[in-house]
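Only one structure is covered here, and it is reproduced in the block below.
The values are calculated or read from the model by the stated rules, or taken from the named source; none is laboratory data. Just so we're clear, the structure is a prediction, and the values are computed from it rather than from any experiment. No Cβ is skipped: glycine too gets one built from the backbone with ideal geometry, and neighbour counts run over all protein chains shown. With ligands, DNA and RNA removed, areas are computed over all heavy atoms of the protein, side chains included. Shrake-Rupley method; radii C 1.70, N 1.55, O 1.52, S 1.80 Å.
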Amino acid sequence: MIDNSNIITEKFVSSEYIRNRFATIMSEMYKDEVPLYGELLDLVHDINDNVLSESSEVKEQLSNTGEITRLNMERHGAIRLGKPYELFTMRRLFKVMGMFPVGYYDLATAGVPVHSTAFRAIKNTALNQAPFRVFTSLLRLDLIDNEELRNNVESILESRQIFTKNALELIEKFENEGGLNESDAEKFVQEALETFRWHDTATVDYEMYEALLDQHRLIADVVAFKGPHINHLTPRTLDIDKVQASMEARNIPPKDNIEGPPTRNCPILLRQTSFKALTEKVIFKNNDENGKIGEHKARFGEIEQRGAALTQKGLDLYNELLGKTRKEIGGSPTAENASEYNKLLVENFKVFPDNYKELHSEKLAYFHYFTAERATSIPKNKVYTKHDVNQLLEDGYLSIEPMVYEDFLPVSAAGIFASNLGTDDAKREYEGSSNQNLFEKDLGEPVYNLMKWYEDMQNETIEKCLAEINA
């Protein structure tokens, strides 16, 4: 748990306090709604404990970067919104929790008719205190090719309100007064939670649901319900291969393959897997008093392993090797070709350096910089600058640790969606280009530039080291 002693002032509680409280209560709610999620948490905790007890190197690395205290409480969630007002207001809601939009993701090219951002904290200390992220997608109505259906979707979404009256009032109070006291923060958490809760009663009749489903399963999930029920909550593991291999023994049905890069000595970016989506009973609207009972499949459990954040050069190489593998396999991996795909992936990624020294020297990844113990004896005959950093590393006055990737991968996200939505949707392709400008207009502000954020974080640690050395 985080230390709350320094984050409650006489007047306001901190955003870290609210964020941690919200994430904790949401996790408990999701365990009640999706019992397999609780089993998954137990499995991930057991494997993390084993890794830390067996690898002093991993333990030291996480201790140095401050990540070890956040490991077992780390979660990311995902929601899908239907209209610009919902995205605009969700940004305001997340700001109360100290979460800001980072990055723009276009999933349409991978067959998912949404574009997205990730809301999260943007200070390293804030991330380590309460590392909650929500991958937030907005439905792209322009990609619904049936004009009549598109008009129906607009009408359905226009009539719904996904935020409670009290939540909206508390958001406004936060904006006007600059914070919430402890009592208001607790009310806010409870009211905000209602937006993310599962509802087993649809807002449309079965015929409309079928029409939405025929267009795309995700469209049905976004449009047919009262609100954007949390789609999944994702714990962080230190060994996703062990999780994947251990799921069936706990009666957790895993997807067929792990998304992202292959197994490596030095993990990079993000690797993800999941248990398959639940089939849940739903009551649909009908003309008579008794609604039709049907089924809906969308919510699942996901697991992630986070590695080093890559520079643009590193990301370009990653995308090149991933694209090469998919081209050789004939597209996205499936249950039938998962084994062959994984072999090709490992083979193709052999050209990607797999030790931190090379990743650093070739400027493929971002790093935290630290002053080493012997920095106290450094010659004081000059003022050291950024030009001296590599030499200071070589001479042992500085040390580095990989900067963890805090964000998402659109191809992997689409792969997770496809594994849980069905074969037809997985093969769907959409024409049209990314539209970050429209997304940011609907959002109400620009998203943080992903690469610039990591660059700034790295520079911040370098400047801190140089200040210590030059003191």
Problem set entry | Residues of the stretch 229-255 satisfying the condition of being in contact with a Gly (Cβ under 7 Å, 6 or more places away or on another chain) and among the aliphatic types (A, V, I, L, M) | I230, L233
Problem set entry | So D241, is it open to solvent by 10 Å² or more (accessible area, probe 1.4 Å), without any contact (Cβ under 8 Å) to a residue 24 or more places away in the chain, over 25 Å from E39 (Cα atoms) and not in a loop (DSSP other than H, G, I, E, B) | no
For this session: Can you run down the residue pairs with Cβ atoms below 7 Å, 6 or more apart or on separate chains, where the first is in the stretch 382-403 and buried (at least 20 other Cβ atoms within 10 Å of the Cβ) and the partner is of a type in the set (K, R)?
Result: Y397/R374
For this session: Please determine, by comparing only the residues of the stretch 290-330 that are touching a residue at least 60 places away in the same chain (Cβ under 8 Å), more than 20 Å from F408 (Cβ to Cβ) and of a type in the set (D, E, K, R), which one is surrounded by the most Cβ atoms within 10 Å (Cβ to Cβ).
Result: K297
Exercise. Among P333, P353, which is the only one that is surrounded by 13 or more Cβ atoms within 10 Å (Cβ to Cβ) and closer than 26 Å to I68 by Cα?
Worked result: P353
For this session: With respect to S433, determine if the residue is at pLDDT below 90, among the polar types (S, T, N, Q) and assigned to a helix (DSSP H, G or I).
Result: no
Exercise. Name the residues in the stretch 363-381 that are without any contact (Cβ under 8 Å) to a residue 12 or more places away in the chain and charged (D, E, K, R), would you?
Worked result: E373, K380
For this session: Look through the stretch 330-387, keep the residues that are assigned to a loop (DSSP other than H, G, I, E, B), under 16 Å from C266 (Cα atoms) and of a type in the set (D, E), and return whichever of them is farthest from the chain's Cα centre (by Cα).
Result: E362
Exercise. Could you say whether any residue in the stretch 190-200 is outside any helix (DSSP H, G or I), surrounded by fewer than 19 Cβ atoms within 10 Å (Cβ to Cβ), modelled with pLDDT of 95 or more and touching a Phe, Trp or Tyr at 6+ places or on another chain (Cβ under 9 Å)?
Worked result: no
Exercise. Within the set of pairs 6+ apart or on separate chains, which have a first residue in the stretch 451-471 that is closer than 30 Å to N381 by Cβ, a second that is surrounded by fewer than 14 Cβ atoms within 10 Å (Cβ to Cβ), and C-beta atoms under 6 Å apart?
Worked result: N470/V383
Seminar exercise, completed: Note on P254: of the conditions (1) touching a helix residue (DSSP H, G or I) at 6+ places or on another chain (Cβ under 6 Å); (2) touching a residue at least 60 places away in the same chain (Cβ under 8 Å), unmet is (2)
Exercise. Taking the stated definitions as given, is I268 at pLDDT below 95, within 28 Å of A335 (Cα to Cα) and among the hydrophobic types (A, V, I, L, M, F, W, C)?
Worked result: no
